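Some notes on the structure that comes next.
The values are calculated or read from the model by the stated rules, or taken from the named source; none is laboratory data. Model, not experiment: these values are computed from the prediction. With ideal geometry, Cβ positions are generated from the backbone for all residues, glycine too; neighbour counts draw on all protein chains shown.
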């Protein structure tokens, strides 16, 4: 780049990373894919405590996600307080009961049937940690974000991967509507709830639905 082509904003050199051999790149991706293939959504959690420092490091990994205009429009609230978890469960079950009994279409309920879910959400109280993820929108202190949902979604993906790699079980729960979560967790109105993620170890007798994932041939297109 010549001097007259230099950008008008500060830059630093791209991070130097050793370039692995092609076969090593394949092996790394295959190892990671195999590890993530063992990830399953867990609804039956042990109440055993987990190391919070590991959770903090997982959040640190999540916060490296790309975001629109690098505004990083996310907030991760790590909840361990028993009373707040009880209130999260109570609020979620109130909304979910209405969903299953009145709001959900027959088609939607049929799609959920193989998973065996219902309005009961004990995992929000039993898991030792619940991470509430928020989208941070514009306020007097924060700029207007761009592609907020996409950015937070990318961060949540990294968070789930990091927590799985740490040996924890997780679940993604999105009660609707979710504005009441702000009051339970004392968050300002410009932070909008995105997802609740219980984190912990599976209960000794935990079971998961007998489902499969689509094979690579169904999800990959090469042109």
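Some notes on this structure:
- Looking across segment 55-81 at every residue that is in contact (Cβ under 8 Å) with a residue 12 or more places away in the chain and loosely packed, with under 13 Cβ neighbours inside 10 Å, the one that is farthest from the chain's Cα centre (by Cα) is identified as 69.
- Against the conditions (1) assigned to a loop (DSSP other than H, G, I, E, B); (2) closer than 30 Å to residue 216 by Cα, residue 23 satisfies every one except (1).
- The residue list 149, 121, 179 contains one member that is exposed (fewer than 13 other Cβ atoms within 10 Å of the Cβ), in contact with a strand residue (DSSP E or B) (Cβ under 8 Å, 6 or more places away or on another chain) and either more than 12 Å from residue 193 (Cβ to Cβ) or touching a residue at least 12 places away in the same chain (Cβ under 8 Å) (or both), which is 179.
- Annotation for segment 61-71: at least one member residue is closer than 30 Å to residue 138 by Cα and part of a helix (DSSP H, G or I).
- Take the conditions (1) farther than 25 Å from residue 40 by Cβ; (2) free of Cβ contacts under 8 Å to residues at least 24 places away in the same chain; (3) in contact with a strand residue (DSSP E or B) (Cβ under 6 Å, 6 or more places away or on another chain); residue 185 misses just one of them, which is (2).
Yes/no matrix, rows are residues, columns are (1) touching a strand residue (DSSP E or B) at 6+ places or on another chain (Cβ under 7 Å); (2) crowded, with 18+ Cβ neighbours inside 10 Å; (3) at pLDDT below 95:
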{"site": "130", "(1), (2), (3)": "yes, yes, no"}
{"site": "142", "(1), (2), (3)": "yes, no, yes"}
{"site": "157", "(1), (2), (3)": "no, no, no"}
{"site": "162", "(1), (2), (3)": "no, yes, no"}
{"site": "165", "(1), (2), (3)": "no, no, no"}
{"site": "175", "(1), (2), (3)": "no, yes, yes"}
{"site": "210", "(1), (2), (3)": "no, no, yes"}
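- Residue 89 vs. criteria free of Cβ contacts under 8 Å to residues at least 60 places away in the same chain, surrounded by 15 or more Cβ atoms within 10 Å (Cβ to Cβ) and assigned to a helix (DSSP H, G or I): yes
- Residue match in segment 96-103 (condition: exposed (fewer than 15 other Cβ atoms within 10 Å of the Cβ) and outside any helix (DSSP H, G or I)): no
- Residue count for segment 144-155 under the criterion of being at pLDDT below 95 and under 20 Å from residue 29 (Cβ atoms): the result is 0.
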